[in-house]
1. Give just the number: which of (1) surrounded by fewer than 17 Cβ atoms within 10 Å (Cβ to Cβ); (2) in contact with a strand residue (DSSP E or B) (Cβ under 8 Å, 6 or more places away or on another chain) does Leu120 not satisfy?
2. Name the single residue that is farthest from Asp137 (Cα to Cα) among those in the range 19-33 being touching a Phe, Trp or Tyr at 6+ places or on another chain (Cβ under 9 Å) and crowded, with 19+ Cβ neighbours inside 10 Å.
3. Any idea which residue in the range 53-64 is nearest to Ile37 (Cα to Cα), counting only those that are of a type outside the set (S, T, N, Q), surrounded by 11 or more Cβ atoms within 10 Å (Cβ to Cβ) and out of contact with any Phe, Trp or Tyr (no Cβ under 9 Å at 6 or more places or on another chain)?
4. So which of Ile207, Ile197, Ile183, Ile111 ends up being free of Cβ contacts under 8 Å to residues at least 60 places away in the same chain and part of a helix (DSSP H, G or I)?
5. When residues of the range 79-90 are filtered for being within 24 Å of Ala185 (Cα to Cα) and open to solvent by less than 40 Å² (accessible area, probe 1.4 Å), how many remain?
6. Just give me the residues in the range 96-111 being open to solvent by 30 Å² or more (accessible area, probe 1.4 Å) and away from the ligand (no atom under 12 Å from the Cβ), in sequence order.
7. Could you please find all residues in the range 33-74 being under 21 Å from Ile8 (Cβ atoms) and of a type in the set (A, V, I, L, M)?
Amino acid sequence: MSTSGLLIVISGFSGVGKGTLVDLLMKRYPEEYALSISATSRAPKDKETEGVNYFYKTREEFEKMISEGRFLEYAVYNDDYYGTPKDYVLNEMKKGKNVILEIDAQGGLQIKKLFPQAMLLYIVPPSAKELMRRLIDRGRDPLDEIMRRMKRSLAETEYIDRYDKVLVNDDLEESFQELRGMILAEQKRINELSEYIIKIREELLDITKGE
Ligand code: 5GP
């Protein structure tokens with residue numbers, strides 16, 4: 001039992017709009033949430049910034065960080081490492097912030113093993129056709145890369161039923177409100193449970209003291 005903030009894992013198919021939802025959450029409620037920035041051994045892409053999108057490391061630096069136990073979880077994707085730095089996440093949770101991890105399903109399930117109370121949210125598109133349209137409209141990737149991402153989405157469907165909640169991202173504002181609602185409901189559930197546990201513990205202690 002703890003009074004710390006929630007740990008919220010947000011995963012979803014490439015192009016589904018999870019980054020946009022997370023950006024909205026951070027913009028509208030900056031006091032409540034902290035976004036974990038992952039480390040990666042891949043090179044920065046156009047318009048990406050160190051410390052904003054990722055912390056960029058060489059493979060050697062990344063492997064050194066693994067051996068020093070500085071990641072909560074890490075995964076290899078396309079021959080590159082991606083990992084969640086431990087200190088930042090734990091410190092922000094201690095401060096009472098709800099920490100958001102925008103990571104893949106492999107990472108999400110590793111987090112759930114470490115933190116059974118973590119809330120795992122999976123964002124899906126209304127249809128595969130719509131997902132493809134979003135990837136094309138984004139204009140970032142050539143068609144072969146888009147197909148690779150679609151195939152990866154197919155592989156990720158294996159893990160979706162191990163997530164706590166699934167959110168269909170159709171209309172952005174509606175999905176955002178639904179996401180926020182899910183988080184508030186989980187917060188309420190955890191707070192009520194904590195209060196109850198404190199109360200029942202005191203009562204049990206009281207009755208059993210001296211026994
Ligand atoms: P991209 O190279 O497109 O930025 O990211 C590739 C994949 O790595 C995405 O599915 C993204 O969610 C995932 N990813 C990003 N950071 C992390 C992390 O810290 N841990 C894990 N397990 N996956 C991550």
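The values are calculated or read from the model by the stated rules, or taken from the named source; none is laboratory data. Worth saying up front: this structure is predicted, and the values here are computed from it rather than measured. Heads up, the Cβs are rebuilt from the backbone with ideal geometry, glycines too, and the neighbour counts pull from every protein chain shown. Accessible surface areas use protein heavy atoms only, side chains included; no ligands, DNA or RNA. Shrake-Rupley method; radii C 1.70, N 1.55, O 1.52, S 1.80 Å.
1. (1)
2. Filtering the range 19-33 down to residues touching a Phe, Trp or Tyr at 6+ places or on another chain (Cβ under 9 Å) leaves 20-22, 24-26, 28.
Filter once more, keeping what is crowded, with 19+ Cβ neighbours inside 10 Å: 21-22, 25.
Details: Leu21: 17, Val22: 20, Leu25: 23 Å.
Residue satisfying both the conditions and the ranking: Leu25.
3. We begin by selecting, within the range 53-64, every residue of a type outside the set (S, T, N, Q); these are 54-57, 59-64.
Next, from what is left, pick out any that are surrounded by 11 or more Cβ atoms within 10 Å (Cβ to Cβ): 54-57, 59, 61-64.
Next, only the ones that are out of contact with any Phe, Trp or Tyr (no Cβ under 9 Å at 6 or more places or on another chain) stay: 55-56, 61, 64.
Working: Phe55: 7, Tyr56: 10, Glu61: 16, Lys64: 18 Å.
So, considering only residues that are of a type outside the set (S, T, N, Q), surrounded by 11 or more Cβ atoms within 10 Å (Cβ to Cβ) and out of contact with any Phe, Trp or Tyr (no Cβ under 9 Å at 6 or more places or on another chain), the one nearest to Ile37 (Cα to Cα) is Phe55.
4. Details: Ile197 fails: free of Cβ contacts under 8 Å to residues at least 60 places away in the same chain; Ile183 fails: free of Cβ contacts under 8 Å to residues at least 60 places away in the same chain; Ile111 fails: free of Cβ contacts under 8 Å to residues at least 60 places away in the same chain.
One residue alone meets the criteria, Ile207.
5. Start the filter on the range 79-90 by keeping residues that are within 24 Å of Ala185 (Cα to Cα), which leaves 89-90.
Subset that is open to solvent by less than 40 Å² (accessible area, probe 1.4 Å): 89.
Result for the range 79-90: 1.
6. Gly96, Lys97, listed by residue number.
7. Of everything in the range 33-74, those that are under 21 Å from Ile8 (Cβ atoms) and of a type in the set (A, V, I, L, M) turn out to be Ala34, Leu35, Ile37, Ala39, Val52, Leu72.
Here's the yes/no breakdown for (1) farther than 19 Å from Tyr54 by Cα; (2) part of a loop (DSSP other than H, G, I, E, B):
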{"site": "Ser4", "(1), (2)": "yes, yes"}
{"site": "Ile8", "(1), (2)": "no, no"}
{"site": "Ser11", "(1), (2)": "no, no"}
{"site": "Val16", "(1), (2)": "yes, yes"}
{"site": "Gly19", "(1), (2)": "no, no"}
{"site": "Met26", "(1), (2)": "no, no"}
{"site": "Ile37", "(1), (2)": "no, yes"}
